[in-house]
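Q: Can you keep this structure in mind? I'll have questions shortly.
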Amino acid sequence: MVRLKNRYFVVELIPASEASPLRQEIKEDAIYQAVLEAVSQIHGDYGVAAVKTRLIVKYCNAVTRVVLLRVSHDAHRQLASALPFVTSLGGQPVTPRTIYVGATIMHCFRFLKRHQESCLERMWQSLGPHQRDQMKRAIMTLKMPNIAEARSLPGA
């Protein structure tokens with residue numbers, strides 16, 4: 001049996017301007033379509049076919065705007081070169097920033113935990129104890145947080 005190798009990309013979606021943050025929930029389908037569109041522009045049909053075979057959005061967090069993408073090892077270079085050309089997500093301008101590329105999902109989740117803890121530390125400077133507990137629950141969850149809970153948080 002042949003082992004299928006994957007690469008995992010941890011990408012942060014930065015709004016075009018801090019004055020206009022991402023207004024709507026980040027949807028996995030919108031991310032998937034935006035990535036395939038960028039790959040199509042850069043690498044054409046060959047790139048889309050190579051990337052599309054095993055491209056999956058494994059995790060996305062609307063609060064921290066972090067996305068985890070999985071792609072096959074053979075096509076990870078096409079994805080890496082096309083990611084900077086994702087310019088909009090759901091009609092809103094964004095700038096993707098690749099913050100980590102890993103070979104296993106466990107290493108990516110470890111990196112994500114450290115990254116989100118550092119984001120939490122930066123945000124904690126101006127919050128009270130009750131708000132800190134809410135923020136910690138929203139950021140440290142490894143599944144999509146409840147959107148009503150995320151909107152009630154300051155700065156979200």
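The values are calculated or read from the model by the stated rules, or taken from the named source; none is laboratory data. Bear in mind the structure is a predicted one, so any value in this text is a computation, not a measurement. Here Cβ is always computed from backbone atoms with ideal geometry, including for glycine, and neighbour counts include all displayed protein chains.
Q: Residues in region 37-48 that are of a type in the set (A, V, I, L, M) and either more than 16 Å from SER88 (Cα to Cα) or surrounded by fewer than 18 Cβ atoms within 10 Å (Cβ to Cβ) (or both): how many?
A: The qualifying residues number 2.
Q: Does ARG70 fit the bill of being over 22 Å from LYS136 (Cα atoms), basic (Lys, Arg) and touching a helix residue (DSSP H, G or I) at 6+ places or on another chain (Cβ under 7 Å)?
A: It is false that ARG70 is over 22 Å from LYS136 (Cα atoms), basic (Lys, Arg) and touching a helix residue (DSSP H, G or I) at 6+ places or on another chain (Cβ under 7 Å).
Q: Could we say that SER118 is outside any helix (DSSP H, G or I) and either more than 18 Å from ALA30 (Cα to Cα) or at pLDDT 85 or above (or both) here?
A: no
Q: Taking ALA49, is it closer than 25 Å to LEU4 by Cα, free of Cβ contacts under 8 Å to residues at least 12 places away in the same chain and among the hydrophobic types (A, V, I, L, M, F, W, C)?
A: So ALA49 fits the description; yes.
Q: Ok, one more. So VAL11 ticks every box in (1) modelled with pLDDT under 90; (2) of a type outside the set (Ser, Thr, Tyr); (3) within 15 Å of the chain's Cα centre (by Cα) but one. Which box is left unticked?
A: Failed condition: (1).
Q: Now for a separate question. Taking region 59-79 only, how many residues are under 18 Å from LEU112 (Cβ atoms) and out of contact with any strand residue (DSSP E or B) (no Cβ under 7 Å at 6 or more places or on another chain)?
A: Residues meeting the conditions: 4.
Q: Just give me the residues in region 49-77 being buried (at least 20 other Cβ atoms within 10 Å of the Cβ) and in a helix (DSSP H, G or I), in sequence order.
A: ALA50, VAL51, ALA75, HIS76 - these are the residues of region 49-77 that are buried (at least 20 other Cβ atoms within 10 Å of the Cβ) and in a helix (DSSP H, G or I).
Q: Next up: Could you grab me the full set of residues in region 83-113 that are at pLDDT 90 or above, of a type in the set (D, E, K, R) and in a helix (DSSP H, G or I)?
A: Passing the criteria: only ARG110.
Q: Looking at this structure, is ALA80 in a helix (DSSP H, G or I), closer than 27 Å to VAL2 by Cα, small (Gly, Ala, Ser) and over 17 Å from the mean Cα position of the chain (by Cα)?
A: Spelling it out, it is not the case that ALA80 is in a helix (DSSP H, G or I), closer than 27 Å to VAL2 by Cα, small (Gly, Ala, Ser) and over 17 Å from the mean Cα position of the chain (by Cα).
Q: Starting from residues that are part of a loop (DSSP other than H, G, I, E, B) and under 18 Å from PHE111 (Cβ atoms), keep the ones in region 128-145 and report whichever is modelled with the highest pLDDT.
A: Restricting to residues being part of a loop (DSSP other than H, G, I, E, B) and under 18 Å from PHE111 (Cβ atoms), the top hit is THR141.
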